[in-house]
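Notes for the one structure printed next.
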Amino acid sequence: MSAGQSRRVLPGFPLALGYTLVYLALIVLIPLGAVFLKSATLSWEQFWTVISAPRVLASYRVSFGVSLLAAAINAVFGLIFAWVLVRYSFPGKRIVDALVDLPFALPTAVAGIALTAIYAGNGWLGQWLEPLGLKVAFTPLGILVALTFIGLPFVVRTVQPVLEDLDTELEEAAASLGADRWQTFQRVLLPVLLPALLTGFALAFARAVGEYGSVIFIAGNVPMVSEITPLLIITKLEQYDYVGATAIAVVMLVVSFVLLFLINGLQLWANRSRART
Amino acid sequence: MSIRVQNIIKQFGSFVALDDVTLDFPTGKLVGLLGPSGCGKTTLLRIIAGLESADRGQVFLDGADASNAHVRERQVGFVFQHYALFRHMTVFDNVAFGLRVKPRGQRPAESVIHSRVRELLDLVQLSALARRYPTQLSGGQRQRIALARALAVEPRVLLLDEPFGALDAKVRKELRRWLRKLHDVLHITSIFVTHDQEEALEVSDRVVLMNHGRVEQVGAPQEVYEQPASPFVYSFLGAVNLFHGRIQDHHLHVSEGRLPVGHNGFQPGAEALGFVRPHELDIETDPAATAGIAARVERVLAFGPTLTNGQRVRLKPARIRLFAPESQPAGSLIGMDGDGI
Amino acid sequence: MKIIHLTRTLLVLALTVGASSATLAQATLLNVSYDPTRELYQDFNAAFAKYWKDQSGETVTIQQSHGGSGKQARSVIDGLEADVVTLALAYDIDAIAEKGKLIPQDWQKRLPNNSSPYTSTIVFLVRKGNPKGIKDWDDLVKPGVSVVTPNPKTSGGARWNYLAAWGYALKKPDGDEAKAREFVGRLYKNVPVLDSGARGSTTTFVERGIGDVLIAWENEAYLARKELGPDQFEIVTPSLSILAEPPVTVVDRVVDKKGARKVAEAYLEYLYSPEGQNIAGKNFYRPRDPQIAAQYAGRFAKVTLFTIDEVFGGWQKAQKTHFDDGGVYDQIAVQH
Amino acid sequence: MGAAVATPWTARARRFEENVATREPAWVKGVLITIALAFFGLFLLLPLMTVFAEAFRKGWQVYFAALVEPDALSAIALTLLVAAIAVPLNLVFGVAAAWAIAKFDFRGKQLLTTLIDLPFSVSPVIAGLMFVLLFGMQGWFGPWLMAHDVKIIFAVPGLVLATIFVTFPFVARELIPLMEAQGREEEEAAIVLGASGWQTFWRVTLPNVKWGLLYGVILCNARAMGEFGAVSVVSGHIRGRTNTLPLQVEILYNEYNFAAAFAVASLLALLALLTLVIKSLVEWRGRQPLNAGEESQGVPA
């Protein structure tokens, strides 16, 4: 069962745990604590004024709204992507599969300038889209493109293994009971995939909310329209308004924590329902 | 080497895994620790090995208190349920591991290690697989390698945790006979844990029956099978018929009739449980018989031609053991033969 | 034990790297500047290094850091060890004095001409042939005209742009505060992209093809036309604009600590020398030195200029009224 | 998170395609593959190609000139240095954390695991801000550091700290589930056989997780070399001194020097591709022995 309370057979526990805790405290907890401590120099009312200013509220709308939309797009296309990768064979599949992780590996700044070069009015795609009245770069749509890019692997990579582990028996049973493919997908497969899909969605969302590098190049950064919250933090900082920047950072951190706990819960759920099937 | 555990108590949270266990394991014997899952047998084995420490009580190895000795110092060989072979090492390197990690002063030369490993692989009849990796072996082969690896360091005791638990039935039977033979050659003090009664009875010199962290009975396989010391042992070892009734004038009265029980320690009117092995039940086909339990033949399997469907019979135990309902060992027991009724 | 040892080694390594760059800095100057001065200081640093070598025999390497003026000032306040700062506006250097306490409050009086060795103004860059017919500020607020300018909250240049537009509206025959506010509000309604720095805006306009007109530093507009194609852009000078005075100063705390005051002061003084003024002129800044200015007079269009002190009562006041949180700009932005 | 996923083999898809109960009509399959490939082309392939196309737009000479320029070279050196410090530190941490969490039971284990994940969900900008608040001149330790002439912010240590923060969980997140799945039995077996703690770690634990470890390290490294937001806040952008490659990209971009910006960006894109190649190889290698085991399970004793 356990390694025993009084004496552990495997060595190194105090050293490993001690090192882990010290390192965690130094790199993560103390610096994060500094943010909260700094924001505490504001009174509750001042804090509220800063974080509920119209421009700040608008930036939440952009950051959270577009991130939510991007995560939703990723959930749909990521599911299709994972499905195609697991279920079908086609030429070049290995390469496609390997490149799914590109957004993990490609620096965000590089992604930002590349996407801008593609979608700007005189860009590769932009020159075709603009005449159609579809402006991408420097609009909230551009932010959506960037956030979709960085979030894609999260959904694919959480759904893919679940899909791979699925026993064909499940679908065979459904088919033998007279269900067509769509019914089988809807009623049998989707419920099994749902926890993983939601986990991927939440991960993509969490990543998108905090994203900075790829967005600032392609977003128009117009207050109230296409200004994301991280940029607002930088803006505050550059006006020497440390406390204001910190207050907004606290709001984002709280959202991050909530998301993190949500994701952990989802993952537990996903693992448990995977164990059941 | 002899092993003695004394007054061992072990709790995991509020769960009592071992409740004051005292046991002796004699030198050179193969002892089976038998019991249902959760009875504490594996915990006891791990405490003897030093992989777990007891909350209270002592472990004596060869009469010396080893309770505070580290696993490494106890010189035990441990065979894990899932083999725990090092998957990145070849069979050969797995067996050689224990020799190669010895402190420099005690480490044998590589050539000695080589011949020793060869010897062991011969012993477990797997010399041909020395270059393979564990994942390329079948379950039975893995288990034999695990055993060879444990033997390589010349342990004073061999401890096996459900050694055949993960194998399929056929391999399991082969392997346990092989283990018995191996033990007859090596004569190393061994303890093995199992939840399979057949396995325990077949392989062990002695069987220890455990339940809920307590020792129910210790004895030779024959002894524990024929003279179960408690209702638990009775029902755990082999098939048994259970009759719940009341004692009245040398009979156990149950709803379907009465069973003669002869002299016993029960007060008239006391409740009692009667245990009868299937082979100890005689079938009385005489419709005039009044003793025994009234029964009707539901379905005749193709075993004997003497009965027909729907025939009414009486069942008469040749031997019955009685226990008080809540008793562990307290119930008295009587032996009787068919003629005594 | 090994883990701890390894960590210690790496920490020592990290610190040595930090320290070694510190010792290296003894022989170097760090000039923290704003966005459009990259080319100016590239030329000027080479000239000064040569000059200083001749003067003192010492080899001096000048390192540059560029970015939005506010961001750069913030870095200095936070501990970026700049020996000299050459920023877009006095307000940012005031902040270094006030929040960082790295320089005295009266820093602007230490060098001639409000510590601004060169000036510039705000002009318009339009696409070839001026398809929207942009002539003056009034044309920028027309519906359908797309204007590119950086974010006044973060960019010094953007604040000059804003104030120039405001000043123009105020100085119209029937101009008053309310009209100016309305004028600037309409102007910003026409802005599709707000980059955080002047350079970002130029990139957006020139390279990305966004907008009909870029409000830019005069020097930036000329540079962009030179670098990216004189056949693609035209410069339109409005009838009235603001006199932009980008100031410079030595960062006392840093140079005193490093013992680099002499070379840092010489560096800034050299900006006022004929050579320095010449380099400024070449890079499309308006030189202060009348003689050198005369040489470059042909380069720049004639324009009536007003100063910030005249119209807004100085940077501190302008900043407070217009750009602080909740200021006029924020009110305009929210109406967007 | 969730990145430790094995690549499926092309062959594996066949068991679905050849089963009547699990295959779709050909047109559905065709539509789905088309959608996936279109999405792939639009969102993954096109940006990647753009980087290289833009980088070479002005020819090879401009490309190489941009890469050997002193500022670019020092940005490369700095990026390598920062990664060379941050990655090993996170590696050691990841191993220690995984050892403690996967091999032992203790109170608060779940919380600890969650806390290790924290930096994943913190915006890089906030990561930079934290270190400014701590070590900036206006921050808590700034004046003291200034007085003792220790530079953290706007110098290499600050870049390293910010990088360590954003790449903090990578190695640990790969190792913890892996080591948890492997259980304690092998280590216990080694100890019973007389191995010391270090022997057990080096000879049993480490070889077992080496592919997972490598996987975590390359992802950690890719992020360390490519981080922009956090590093941007603490860098100070001193040319030739505190500019890492991603910051150099931004600077060149802001200097109208697009070809050079994309040239440097292409270097980072190459690094990303290399990362993906190694990652695929690692996944392939990592599952080799397991596959062999599955296949030979039927071998009789």
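Of everything listed in (1) surrounded by fewer than 23 Cβ atoms within 10 Å (Cβ to Cβ); (2) over 28 Å from D:Val233 (Cβ atoms), the single unmet condition for C:Val123 is (1).
Among the candidates B:Arg258, B:Arg142, B:Arg176, B:Arg172, single out the residue that is surrounded by 15 or more Cβ atoms within 10 Å (Cβ to Cβ), touching a Leu at 6+ places or on another chain (Cβ under 8 Å) and within 14 Å of chain D (Cβ to nearest Cβ).
Exactly one residue qualifies, and that residue is B:Arg142.
Screening the candidates A:Gln186, A:Gln267 for the property of being among the polar types (S, T, N, Q), more than 21 Å from the chain's Cα centre (by Cα) and over 28 Å from C:Ala333 (Cβ atoms) yields one hit, A:Gln186.
A quick yes/no check of all residues on (1) touching a residue at least 60 places away in the same chain (Cβ under 8 Å); (2) assigned to a helix (DSSP H, G or I); (3) in contact with a Cys (Cβ under 9 Å, 6 or more places away or on another chain):
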{"position": "C:Lys226", "(1), (2), (3)": "no, yes, no"}
{"position": "C:Asp231", "(1), (2), (3)": "yes, no, no"}
{"position": "C:Glu269", "(1), (2), (3)": "yes, yes, no"}
{"position": "C:Asp309", "(1), (2), (3)": "no, yes, no"}
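When you scan the range C:68-135 for helices (runs of 4 or more DSSP H) that lie fully inside it, which ones turn up with 2 or more residues that are within 25 Å of C:Arg261 (Cα to Cα) and either more than 13 Å from every other protein chain (Cβ to nearest Cβ) or among the aromatic types (Phe, Trp, Tyr) (or both)?
Details: elements: C:69-77, C:90-95, C:112-115.
Correct list: C:90-95, C:112-115.
Mind checking which residues of the range D:171-187 are at the interface with another protein chain (Cβ under 10 Å from one of its Cβ atoms) and surrounded by 24 or more Cβ atoms within 10 Å (Cβ to Cβ)?
First pass over the range D:171-187, keeping only residues at the interface with another protein chain (Cβ under 10 Å from one of its Cβ atoms): D:172, D:177, D:182-187.
Scanning the range D:171-187 gives D:Ala172, D:Glu187.
The conditions of being assigned to a loop (DSSP other than H, G, I, E, B), of a type outside the set (Ser, Thr, Tyr) and farther than 22 Å from D:Met49 by Cα are not met by A:Leu170.
Against the condition of a type outside the set (Phe, Trp, Tyr), open to solvent by less than 10 Å² (accessible area, probe 1.4 Å) and within 26 Å of C:Gly209 (Cα to Cα), how does D:Ala260 come out, does it pass? Reasoning before the result, please.
Details: of a type outside the set (Phe, Trp, Tyr): yes; open to solvent by less than 10 Å² (accessible area, probe 1.4 Å): yes; within 26 Å of C:Gly209 (Cα to Cα): yes.
It is true that D:Ala260 is of a type outside the set (Phe, Trp, Tyr), open to solvent by less than 10 Å² (accessible area, probe 1.4 Å) and within 26 Å of C:Gly209 (Cα to Cα).
Regarding the range A:75-90, can at least one residue be identified that is within 30 Å of A:Val251 (Cβ to Cβ), open to solvent by less than 40 Å² (accessible area, probe 1.4 Å), in a helix (DSSP H, G or I) and away from chain D (no Cβ under 12 Å)? There is at least one residue in the range A:75-90 that is within 30 Å of A:Val251 (Cβ to Cβ), open to solvent by less than 40 Å² (accessible area, probe 1.4 Å), in a helix (DSSP H, G or I) and away from chain D (no Cβ under 12 Å). Of everything listed in (1) surrounded by 24 or more Cβ atoms within 10 Å (Cβ to Cβ); (2) within 30 Å of C:Ile96 (Cα to Cα); (3) at the interface with chain A (Cβ under 7 Å from one of its Cβ atoms), the single unmet condition for D:Leu134 is (1). When B:Asp249 is tested against (1) open to solvent by 40 Å² or more (accessible area, probe 1.4 Å); (2) on the phi < 0 side of the Ramachandran plot; (3) among the acidic types (Asp, Glu), exactly one condition is not met: (2). The residues in the range A:253-266 that are closer than 16 Å to A:Leu197 by Cα and facing another protein chain (nearest Cβ under 8 Å) can be counted, and the count is 4.
Residue selection: A:Ala202 satisfies the criterion of being under 30 Å from D:Phe228 (Cβ atoms) and touching a residue at least 24 places away in the same chain (Cβ under 8 Å).
Tally time: how many residues in the range C:271-293 are open to solvent by less than 70 Å² (accessible area, probe 1.4 Å) and part of a helix (DSSP H, G or I)? Give the steps one after another, and end with the answer.
Here is the first cut: in the range C:271-293, the ones open to solvent by less than 70 Å² (accessible area, probe 1.4 Å) are C:271-273, C:276-281, C:283-289, C:292-293.
Retained after the next criterion (residues that are part of a helix (DSSP H, G or I)): C:271-272, C:276-281, C:292-293.
Counting residues in the range C:271-293 that are open to solvent by less than 70 Å² (accessible area, probe 1.4 Å) and part of a helix (DSSP H, G or I) gives 10.
Scan the range A:133-146 and give yes if some residue there is in a helix (DSSP H, G or I), within 27 Å of A:Leu266 (Cβ to Cβ), modelled with pLDDT of 90 or more and away from chain D (no Cβ under 11 Å), otherwise no. Yes, some residue in the range A:133-146 is in a helix (DSSP H, G or I), within 27 Å of A:Leu266 (Cβ to Cβ), modelled with pLDDT of 90 or more and away from chain D (no Cβ under 11 Å).
Tell me yes or no: at least one residue of the range A:38-60 is open to solvent by 20 Å² or more (accessible area, probe 1.4 Å), closer than 24 Å to D:Phe228 by Cα, within 18 Å of the chain's Cα centre (by Cα) and more than 9 Å from chain D (Cβ to nearest Cβ). For the range A:38-60, residues open to solvent by 20 Å² or more (accessible area, probe 1.4 Å), closer than 24 Å to D:Phe228 by Cα, within 18 Å of the chain's Cα centre (by Cα) and more than 9 Å from chain D (Cβ to nearest Cβ): present. Scanning the range D:10-67 for residues that are more than 9 Å from every other protein chain (Cβ to nearest Cβ), open to solvent by less than 40 Å² (accessible area, probe 1.4 Å) and within 26 Å of the chain's Cα centre (by Cα) yields a count of 3.
So which residues in the range A:47-63 are polar (S, T, N, Q) and either part of a loop (DSSP other than H, G, I, E, B) or not assigned by TED's automatic domain parsing to the domain that holds A:Thr246 (or both)?
Our first condition is that a residue be polar (S, T, N, Q); within the range A:47-63, this holds for A:49, A:52, A:59, A:63.
The answer is A:Ser52, and nothing else.
Per-residue answers, yes or no, for (1) charged (D, E, K, R); (2) more than 8 Å from every other protein chain (Cβ to nearest Cβ):
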site	(1), (2)
A:Val215	no, yes
A:Leu231	no, no
A:Asp241	yes, no
A:Val251	no, yes
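Taking the range B:157-272 and the helices (runs of 4 or more DSSP H) fully enclosed by it, the elements with 1 or more residues that are touching an Asp or Glu at 6+ places or on another chain (Cβ under 8 Å) and modelled with pLDDT under 90 are at B:169-186, B:231-236. Might you check whether a residue that is within 13 Å of chain D (Cβ to nearest Cβ) and touching a residue at least 60 places away in the same chain (Cβ under 8 Å) occurs anywhere in the range B:10-23? No, that holds for no residue.
Of the residues D:Val249, D:Val231, D:Val204, which single one is buried (at least 24 other Cβ atoms within 10 Å of the Cβ), touching a Leu at 6+ places or on another chain (Cβ under 6 Å), at pLDDT 90 or above and not polar (S, T, N, Q)?
On the way: D:Val249 fails: touching a Leu at 6+ places or on another chain (Cβ under 6 Å); D:Val204 fails: touching a Leu at 6+ places or on another chain (Cβ under 6 Å).
Among D:Val249, D:Val231, D:Val204, only D:Val231 is buried (at least 24 other Cβ atoms within 10 Å of the Cβ), touching a Leu at 6+ places or on another chain (Cβ under 6 Å), at pLDDT 90 or above and not polar (S, T, N, Q).
Scanning the range B:32-60 for residues that are surrounded by fewer than 23 Cβ atoms within 10 Å (Cβ to Cβ) and part of a strand (DSSP E or B) gives B:Arg56, B:Gly57, B:Gln58, B:Phe60.
Within the range D:72-124, how many residues turn out to be among the acidic types (Asp, Glu) and surrounded by 17 or more Cβ atoms within 10 Å (Cβ to Cβ)? Before the answer, list the steps.
So the first thing to find is which residues in the range D:72-124 are among the acidic types (Asp, Glu), and the list is D:105, D:117.
Keeping just the survivors that are surrounded by 17 or more Cβ atoms within 10 Å (Cβ to Cβ) gives D:117.
So the answer is 1.
Quick check on A:Pro195: is it more than 10 Å from chain D (Cβ to nearest Cβ), within 18 Å of the chain's Cα centre (by Cα) and of a type outside the set (Asp, Glu)? Yes.
Could you say which residue among A:Ala58, A:Ala40 is out of contact with any Phe, Trp or Tyr (no Cβ under 8 Å at 6 or more places or on another chain) and at pLDDT 90 or above? None of the others qualify; the one that does is A:Ala58.
Got at least one residue in the range C:233-247 being open to solvent by 50 Å² or more (accessible area, probe 1.4 Å), in contact (Cβ under 8 Å) with a residue 24 or more places away in the chain, touching a Lys or Arg at 6+ places or on another chain (Cβ under 7 Å) and more than 21 Å from C:Gln108 (Cα to Cα)? Yes, the range C:233-247 has at least one match. In the range A:61-74, the qualifying residues are those that are buried (at least 20 other Cβ atoms within 10 Å of the Cβ) and more than 22 Å from D:Leu42 (Cβ to Cβ), and the one that is farthest from the other protein chains (Cβ to nearest Cβ) is A:Val62.
The values are calculated or read from the model by the stated rules, or taken from the named source; none is laboratory data. What you see is a predicted model; the values in this text were computed from it and never measured. Glycine also receives a Cβ, built like all others from the backbone with ideal geometry; neighbour counts cover every protein chain displayed. Side chains are part of the model used for accessible areas, which takes the heavy atoms of the whole protein and leaves out ligands, DNA and RNA. Shrake-Rupley method; radii C 1.70, N 1.55, O 1.52, S 1.80 Å.
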